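This report refers to the structure that appears directly beneath it.
The values are calculated or read from the model by the stated rules, or taken from the named source; none is laboratory data. Since we're looking at a predicted model, the values are computed, not measured. In this analysis, Cβ positions are derived from the backbone assuming ideal geometry, glycine residues included, and neighbour counts consider all displayed protein chains. These accessible areas exclude ligands, DNA and RNA; they are computed on the full protein's heavy atoms, side chains included. Shrake-Rupley method; radii C 1.70, N 1.55, O 1.52, S 1.80 Å.
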Amino acid sequence: MTPDLAAASPRDVMSRMLCGFWTTAAICVAVQLKLPDLLATAPQSLDQLARATGCHERSLFRLLRALSSSGVFTEDASGRYSLTPLSDCLRRDVPGSVASLALMRGGWQYRAWGEMLHSVQTGQPAFDRVFGETLFEHLSHESDKAALFDAAMVGVHGRETAAMLAAYDFSRIQLLADIGGGNGSVLTEILKRHPSTRGVLFDRLDVVERARANLQSAGVAERCEFVPGDFFHSIPAGADVYLMRHIIHDWNDERSLTILKNCRAVMSATSRLLIAEFVLPDGPGPFFGKWFDLSMLAITGGQERTGSEYQQLLAAAGLQLQRIVPTDSELSIIEATP
């Protein structure tokens, strides 16, 4: 909460909360115009930025003024604009960039959230209503959006990888199957840190091909098998550990149970299943995962779950919850065995 709202009335606080989409849209436009990238080397004047972006100068000033008032940019006494720590992470060329996340949240997710009423009334994804197909069907033939989605997922979940590797011992794993491995960012880091570990990246064909290039660039592709498939039909056998990060939360209980049963069908008596997700706390306290849960409702029809809900879901699939390992991020690792 900003200082001017610290002592504000509930009505004023609510009025400001209702402006949340203004911030999302303004930041998205700044990234679309590549303003953070243009300011990466040196401060620039309004005139310079207007010429570089082809924008109407007065209107660009109004955008920069609003964002500067919220700490996204800063303006000096001579009228030159500079990056702040907030806008620095919107540059496309920095580790952990959230530029793609800004474009995704301010783009097609923005449109889907506009139909949230439909999701709350029906329990069905607003995304499907807006685009006429599911998110993953859409990404399978929209290559630009698929690439943006991959990059945005690094922005959303990138810091979780280090937290996962610090909280859980992956060193003794001989063969790790990353189910729904996406762009391969998690598997890449595990293979880089543990040279004796081999991996399997399992996902849709179009996703596997994108991931293959990423693991090749990281120099670990020779220790990884790339297997295309559909986890609603079957899952590769033979791994001693099966990992799913932010997979189960994409689906409702019925579809999640199908995935978990398919995992159980190929697990040996000594296999382990690791589910990396937000685990919602019981009670009404604040937790960012509760907002992510609402996003799952609107975008994929999935949900975030509490620890007891995961325990029940796993039991229905013939799996036993062994422990929930917290990390330094909001992510937890749910460990289960047959």
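As a test, work out the antiparallel percent of DSSP beta bridges whose residues both lie in region 73-207, rounded to the nearest 5. Can you show the working numbers first?
Working: 3 of 8 bridges.
If I count the DSSP bridges inside region 73-207, around 40 percent turn out antiparallel.
Modelled spin labels at residue 171 and residue 225, positioned 7 Å past Cα toward Cβ, are 2.7 nm from each other.
With all protein chains kept in place, the per residue accessible area of region 89-204 amounts to 45 square angstrom at a probe of 1.4 angstrom. Using a cut-off of 11 Å between beta-carbons, work out the net charge of the residues near residue 180 (Lys and Arg +1, Asp and Glu -1, residue 180 not included). Charge balance in the 11 Å sphere: -2. Taking all Cα pairs closer than 8 Å and separated by 6 or more residues, the relative contact order of the chain comes to 13 percent. Of interest is the spacing of the C-alpha centroids, which for region 26-46 and region 224-266 amounts to 41 Å. The apolar share of the surface of region 8-136, taken as the fraction of accessible area on carbon and sulfur atoms (1.4 Å probe, ligands and nucleic acids excluded), comes to 56 percent. In order along region 252-260, phi translates into HN-Hα couplings of 6, 4, 4, 6, 4, 5, 4, 4, 5 Hz, rounded to whole numbers, per the Karplus curve 6.51 cos²θ - 1.76 cosθ + 1.60 with θ = phi - 60° and x for Gly and Pro.
If you take all C-alpha pairs in the chain, what percent of them are over 34 Å apart? When every Cα pair of the chain is considered, 31 percent fall beyond 34 Å.
Between residue 42 and residue 320, take the C-beta separation as r, use R0 = 56 Å, and let me know the FRET efficiency to the nearest 0.05.
Values: r = 58 Å, r/R0 = 1.04.
Rounded to the nearest 0.05, the efficiency is 0.45.
Summarising the amide proton neighbourhood of residue 320: residues at separation of 5 or more, or on other chains, whose placed amide H is nearer than 5 Å comprise 337. Take the Cβ-Cβ distance between residue 309 and residue 111 as r, set R0 to 25 Å, and report the resulting FRET efficiency rounded to the nearest 0.05. Computed FRET efficiency for residue 309 and residue 111 comes out at 0.25. Measuring nothing but how far apart in sequence close Cα pairs (under 8 Å, 6+ apart) lie, relative to its length, region 235-338 scores a relative contact order of 33 percent. Calculated from the alpha-carbon coordinates, region 22-101 shows an Rg and a Dmax of 11.4, 33 Å respectively. At q = 0.21 Å⁻¹, what log₁₀ I(q)/I(0) does region 168-289 have when each alpha carbon counts as one equal point scatterer in the Debye sum? Reported log10 I(q)/I(0), two decimals: -1.20.
Apply the Karplus parameterisation 6.51 cos²θ - 1.76 cosθ + 1.60, with θ equal to phi minus 60°, to every residue of region 177-192 and state each ³J(HN,Hα) to the nearest whole Hz, in sequence, with x for glycine and proline. So the Karplus estimates, Gly and Pro as x, are 9, 8, 8, x, x, x, 7, x, 5, 5, 4, 4, 5, 5, 5, 5 Hz.
Close amide H partners of residue 176, meaning residues 5 or more places away or on another chain with modelled amide H under 5 Å apart, are 198, 199, 200. For region 108-151, taking Cα atoms only, Rg and Dmax work out to 11.0, 32 Å respectively. Taking a straight Cα-Cα cut-off under 12 Å and skipping sequence neighbours fewer than 8 places away in the same chain, the aspartates and glutamates within cross-link reach of residue 145 are 137. Can you list the aspartates and glutamates whose alpha carbon sits under 14 Å from that of residue 34, skipping same-chain ones fewer than 8 residues off? The qualifying aspartates and glutamates are 88, 93. For the pair residue 162 and residue 294 in one chain, pulling the backbone fully straight at 0.36 nm per residue adds 44.9 nm over the alpha carbon distance. Our Cα-only numbers for region 115-215 put the radius of gyration and Dmax at 16.4, 50 Å. With the simple model of a label 7 Å out from the Cα in the direction of the Cβ, residue 77 to residue 257 spans 6.9 nm.
Rounded to whole numbers, the Karplus 3J(HN,Hα) couplings from phi for region 278-284 are 6, 10, 5, x, 6, x, x Hz, using 6.51 cos²θ - 1.76 cosθ + 1.60 with θ = phi - 60°, and x at Gly and Pro. Share of carbon and sulfur in the accessible area of region 233-338 stands at 52%, probe radius 1.4 Å. Multiplying the residue separation of residue 212 and residue 21 by 0.36 nm and subtracting their alpha-carbon distance yields 65.1 nm.
From the square roots a ≥ b ≥ c of the eigenvalues of the alpha-carbon gyration tensor of region 28-75, which class results: rounded (a/c under 1.5), prolate (a/b over b/c), or oblate?
Since a/c stays below 1.5, the shape of region 28-75 is classed as rounded.
Relative to the current alpha-carbon distance between residue 62 and residue 193, full extension at 0.36 nm per residue lengthens the span by 42.4 nm. Secondary-structure-derived ellipticity at 222 nm for the chain, considering helices only, amounts to -14500 deg cm²/dmol, per-run term -39500 (n - 2.57) for DSSP H runs with n ≥ 4. Looking at the chain, the DSSP beta bridges with both ends there are about 45 percent antiparallel. The H on the amide N of residue 304, modeled in the peptide plane, is under 5 Å from the matching H of 293, each at least 5 residues off or on a different chain.
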